[in-house]
Each structure stands twice: as C-alpha cells, then as structure tokens.
Amino acid sequence: MLIKLFNGKNTTKQLFIIVAYGLLISLVPVSIAPNYGFNPLYVSFYHLVANHPWAIKLSFFLALVLPILLTQFYSQERGLLIRKHYHFLFLSLLLLFSNFNAWTLNPVILSLLFVVIGTQKLFQLEQSDRASEELAFGAMLFSFASLIYSVLAWDVILVISALFIFRQVKVREIVLVLTSFLIPYIYLFSIFFLQGRFMEKFDEMQRIFADYFLPINWGVPWYQMVFNGLLLFLTVAAIVRLITKNKSKLIQVREYTNFIVLSLGFTIILLLVAGANTAYHYQLILFYIALVVSIYFSDLKTNWYFESIILLILIHNVYIIFLQLYA
C-alpha cells in the first residue's frame, strides 16, 4: 500500500506515484483569485499576470513546487523526515488539491515560499553564529509574506514564539523581530506617502485587525464532509503521537517538531481573521498538516486503517478532479 511504499527505499516507485498524481492534477485549468484585503504585493502581481494565462499557470506551478521541494529538503536536513522517504512530496499534493479552490493562484499560495524560507531561518537560530542576522532575515521574510497575504501579519507573534523555543529570550531580540518585521512596511508606506495615498492605504491596512468572522458553509457536499472527518482524525492522531513520543528524539528535532505543531495551531486560529480569504487560508493549514502527518508517517509501522484513509483521500481527490474536468 501507499504508506508502506513511501516507508521503503524504492525511490523510483515513490517518484513515479508523485509525478503521475502531479500530471493528473495538472489537467485542471488554473485561474487567479481577485484581491481581498490589504495585499499590496499581490495586487501588483495580479495586474502583472492577470491577462496572461501562461504566466498564471507558470506562476502557480512555481509557487507550489518550490515550497514543497524546499520543505522536503529542509525537513530531511533537520532530521524531521527520513532520507529517501518522500511522504511529504506526495501528501502535500494530495492534501492541497483536495478542494475546488485548489486550482486558484491566490495570495496564500504566493506567500508560501517566504513562509518556508523564513521558518528555516528560525530553525538556524540555535546553531548559527550569526543568530541575530538569521532572526532579522527570518522576520523580514515573514513580513514580505504578509504583504502578499495580509493575515500573515499576525505571524510576528509566531516569530517571537520561536525565540522561546530555540533560544533564551532577550528583550533586544524581541525588539529586533519587531523592527525587522516593520521595515518592509515602513518602506512601502513611504512610497504611499510620496504618492499621496498614505491615509487611504493605512485605513485599508487597519482592516486586517478588524475582520473577525469565520464564514461557515453549511452546504458542504457529503464527500467533502467525509474528507474533513478523515483529515481531522489523521491530524489529531499525528499531533498526539508527535507530542507523546517526542522525548525519544534529539532535542533539536523536538524543538523543530514543536514549532511546526505550534505553527499549525496558530494558522488554524488565524481562520478567525481570514475573512474573505478563508477558502484560500485552508491551503496553508493543509500544507502544515501534510508536513505534520509526513513526520508521523516516517516513524509509523504500516497499519490498515491509515492506509485506508490515504486511499480514501486519493479517491476523493480523483472524484473532485473528474468533476472539475467534466461537470
């Protein structure tokens, strides 16, 4: 079965399944989402590519593939995933393309690369001789991500939380995080000031902190409800296992795992402020879930119920792709 195959060392078979599934999802046309909220970098990007379908498709491909490949590489380097186990490459595609909004180029997808690289910079805090530089650069990357997808402005809290996990917290490092996070905003609003749009854009930005609502769609199809139930079970099982068995791992691996689980929990909380971007915000949650479950599966002995869950999710996704192509 699939988990057993990805827990083996037959790289050729693993990559064949990943590429075959990737080709399947590439059959569905890609569109670009309109802008909702204060996302200045996304607005600029939207105007640049919106009238060029080839640019939308290429950007969509790069915006997904690069973060996935980097996360696989970084996770193996940090000891989170076993080498030659490519669970994450498969599960990230499997979970990200599990809903009808998946084939939309949107702010969340474009911000993903900055989030991934920024997270790796935070992971280097403990080992690097240039911790202050890594911290400042990581905070700025999260800041750039928030200029693409404004909800991620709240991730400054996550960056500060990293200090409590990877270092002994110092006030000057918290100040460094806040200053580094603000620098891109200061530069951007200086441009707005020169253009005479400072107050207009400032009022627009303030809405990030006032958009508190969680749209709930009660008309979810039955197959999507089944998928949500399977995903919830899988996620809870993975988190419980990682928390309870984490003590057997190296302290650095434990810290990395703790931060990833914290990032998942914090991203779920941010649903409350995602507002009109809620449908796309789920993509970020699914990305973190794919990583958490992949770490779990790396140490998991094959069992029939998890194999069945992955198979059912795969069938669910094939059905969605069919509906996208022929409905």
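Assorted remarks:
- Selection count, the range 289-310, where residues are assigned to a helix (DSSP H, G or I), touching a helix residue (DSSP H, G or I) at 6+ places or on another chain (Cβ under 7 Å) and not acidic (Asp, Glu): 13
- For the range 103-110, the criterion of being in a loop (DSSP other than H, G, I, E, B), under 23 Å from the mean Cα position of the chain (by Cα), of a type outside the set (Ser, Thr, Tyr) and within 21 Å of Thr278 (Cβ to Cβ) is satisfied by at least one residue.
- Every residue from the range 59-73 that is surrounded by fewer than 19 Cβ atoms within 10 Å (Cβ to Cβ) and not aliphatic (A, V, I, L, M): Phe61, Phe73
- Evaluating Phe142 against the criteria (1) touching a helix residue (DSSP H, G or I) at 6+ places or on another chain (Cβ under 6 Å); (2) under 20 Å from Ala290 (Cα atoms); (3) aromatic (Phe, Trp, Tyr) leaves one unmet condition, (2).
- Within the range 306-318, restricting attention to residues that are β-branched (Val, Ile, Thr) and modelled with pLDDT under 90, the residue that is surrounded by the fewest Cβ atoms within 10 Å (Cβ to Cβ) is Ile309.
- Qualifying residue in the range 263-270 (condition: at pLDDT 85 or above, hydroxyl-bearing (Ser, Thr, Tyr), closer than 18 Å to Pro107 by Cα and assigned to a helix (DSSP H, G or I)): yes
- Identity of the residue in the range 155-174, modelled with pLDDT under 90 and charged (D, E, K, R), that ends up surrounded by the most Cβ atoms within 10 Å (Cβ to Cβ): Arg167
- Every listed requirement among (1) over 30 Å from Asn258 (Cβ atoms); (2) among the aliphatic types (A, V, I, L, M); (3) at pLDDT below 95 is met by Leu62 save one, (3).
- Being closer than 21 Å to Ala102 by Cα and either polar (S, T, N, Q) or out of contact with any Pro (no Cβ under 6 Å at 6 or more places or on another chain) (or both) is a property that does not hold for Leu242.
- Considering residues of the range 98-143 that are among the hydroxyl-bearing types (Ser, Thr, Tyr) and buried (at least 20 other Cβ atoms within 10 Å of the Cβ) only, the residue farthest from Gln224 (Cα to Cα): Ser143
- Scope the range 37-58; condition among the small types (Gly, Ala, Ser), over 19 Å from Leu141 (Cα atoms) and either surrounded by fewer than 15 Cβ atoms within 10 Å (Cβ to Cβ) or touching a residue at least 24 places away in the same chain (Cβ under 8 Å) (or both); matching residues: Gly37, Ala50
- Scanning the range 293-305 for any residue that is surrounded by 15 or more Cβ atoms within 10 Å (Cβ to Cβ), of a type in the set (A, V, I, L, M) and within 14 Å of the chain's Cα centre (by Cα) turns up at least one such residue.
Listed here are the residues, each with its yes/no results for (1) touching a residue at least 24 places away in the same chain (Cβ under 8 Å); (2) hydrophobic (A, V, I, L, M, F, W, C).
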site	(1), (2)
Leu141	yes, yes
Trp154	yes, yes
Ile157	yes, yes
Phe164	no, yes
Ser180	yes, no
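- Considering residues of the range 274-288 that are modelled with pLDDT under 90 and part of a helix (DSSP H, G or I) only, the residue surrounded by the fewest Cβ atoms within 10 Å (Cβ to Cβ): Ala276
The values are calculated or read from the model by the stated rules, or taken from the named source; none is laboratory data. Just so you know, these numbers come straight off a predicted model, no measurement behind them. All Cβ positions, even for glycine, are placed from backbone atoms using ideal geometry, and neighbour counts span all protein chains on display.
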